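Below is one structure, written out as structure tokens; comments come after it.
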Amino acid sequence: MSYSRKKIVKIVFIMIIPLVGFLYFLMGFMTSDGEGVDINKEVENLDLEPKFELTIENKNNKPQKEFVGMVWVPGGEFSMGSNIEDENLCSIKGVTNDARPIHRVYVDGYWMDKTEVTNKEFAEFVKATGYITVAEKKPSEEEFPGVPLSKLIAGSVVFSPTAKKVSLDNFLQWWEYIEGADWRHPTGPDSNLMGKDNYPVVQVSYEDAEAYAKWAGKRLPTEAEWEFAARGGKTGSLYSWGSILKPDGKFQANIYQGEFPVEKGDTGEDGFVGIAPVAQYTPNGYGLYDMGGNVWELVNDWYDKNYYIKLSESNKVARNPQGPDSSNDPNEPNALIKVHRGGSFLCTDEYCTRYMVGSRGHGEIKSSANHIGFRCVR
């Protein structure tokens, strides 16, 4: 399940609320992905489910020329995806269905940003180009025919905690479309970026991230490149830092602890309540920071719920896969949907643990929220 700009406008117009680009994305990373999977192809016997095989890194292929703020990821062959056993870590069932089965993939080497793109870096791009993000633009009549102009308002989606504990079966209780929310004002017009140059830029859509990457002489990673990098050379680990959530009792990522989604429910045991500056935890084996938690990361692949099944059917190693030719989600067949990776500061074992390195999220290309960012490769 996920969301699209057109779908949410129709829903909220009926409710007399001007939400644009909301429902499809939220449903993509916050609820079960069980629907739409070919059940006949799911493995019921764990003994028959594909296993993680050894990661084989390329050797001695690092170019002489280096790039500031980037690290070399050697590429190689690895097992990509997740397995049904990971379901036990998340209260919502079906989270790993679209990340199964585990399959072998090869990627060439590449440079990757050490951290997510920061507010400072994105501001430099905007200053140089005059770029205006999707969230800053008023939705058009052409995109939403029949919706009154008064309801077509620039803004974006913001996490809005509840006053008390609520049932987790309706995510609309803790998300709100805020007029004036954008990358400069991540939680609404009264917020700003003062003192937050080193925080990841958020409230950016796929279109915005793609524009930044092109300006910077880079590109967005493929989903396979992102996962290879996130694994840091390890084989089959649950997280980008290993398979133990808190090695030596210490959190390795900015995620949510406490009652979700209650106001002041996040206890901040990991050192932060809400979004954190980049690079606050130990980097993974490739020197990459925050490959799990803090903010979701946009990647280049279209989202197809059954894509991993299709790759595995060839019984061959997929070489430098670029993703499917188009998006495919039975819950929203007409939406243009891209993959998101890594989870965010809102991921919690009470609801969804998609900071697991093999799990997936997704959202419509014009959608943004205050826990979505990106990093680039070249």
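The values are calculated or read from the model by the stated rules, or taken from the named source; none is laboratory data. These numbers come from a predicted model, not from an experiment. Glycine gets a Cβ as well: all are built from the backbone with ideal geometry, and neighbour counts include every protein chain shown. Side chains included, ligands, DNA and RNA excluded: accessible areas come from the protein's heavy atoms. Shrake-Rupley method; radii C 1.70, N 1.55, O 1.52, S 1.80 Å.
So here's what we get for this one:
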| item | result |
| --- | --- |
| Residues (touching a helix residue (DSSP H, G or I) at 6+ places or on another chain (Cβ under 7 Å) and surrounded by fewer than 24 Cβ atoms within 10 Å (Cβ to Cβ)) located in region 333-350 | 349 |
| Filter result for the condition that a residue is within 25 Å of residue 267 (Cα to Cα) and of a type in the set (Lys, Arg), over 341, 378, 360 | 341 |
| Top-ranked residue in region 301-315 [being outside any loop (DSSP other than H, G, I, E, B) and among the charged types (D, E, K, R); ranked as farthest from residue 326 (Cα to Cα)] | 310 |
| Out of 190, 169, 182, sole residue that is of a type in the set (Asp, Glu) and either under 29 Å from residue 222 (Cβ atoms) or touching an Asp or Glu at 6+ places or on another chain (Cβ under 9 Å) (or both) | 182 |
| Single unsatisfied condition, residue 199 versus (1) open to solvent by 20 Å² or more (accessible area, probe 1.4 Å); (2) of a type in the set (Phe, Trp, Tyr); (3) more than 24 Å from residue 266 (Cα to Cα) | (3) |
| Region 46-82, subset of a type in the set (A, V, I, L, M), in a loop (DSSP other than H, G, I, E, B) and modelled with pLDDT of 95 or more, residue surrounded by the fewest Cβ atoms within 10 Å (Cβ to Cβ) | 68 |
| Total residues in region 237-268, condition of a type in the set (Ser, Thr, Tyr) and assigned to a strand (DSSP E or B) | 1 |
| Looking only at region 283-323, and only at residues there that are among the aromatic types (Phe, Trp, Tyr) and open to solvent by 20 Å² or more (accessible area, probe 1.4 Å), the one that is farthest from residue 73 (Cα to Cα) | 307 |
| Residues of region 267-276 classified as in contact (Cβ under 8 Å) with a residue 40 or more places away in the chain and either touching a Ser or Thr at 6+ places or on another chain (Cβ under 6 Å) or over 21 Å from residue 287 (Cβ atoms) (or both), total | 3 |
| Among residues of region 339-352, those that are more than 21 Å from residue 121 (Cβ to Cβ) and under 12 Å from the mean Cα position of the chain (by Cα), counted | 4 |
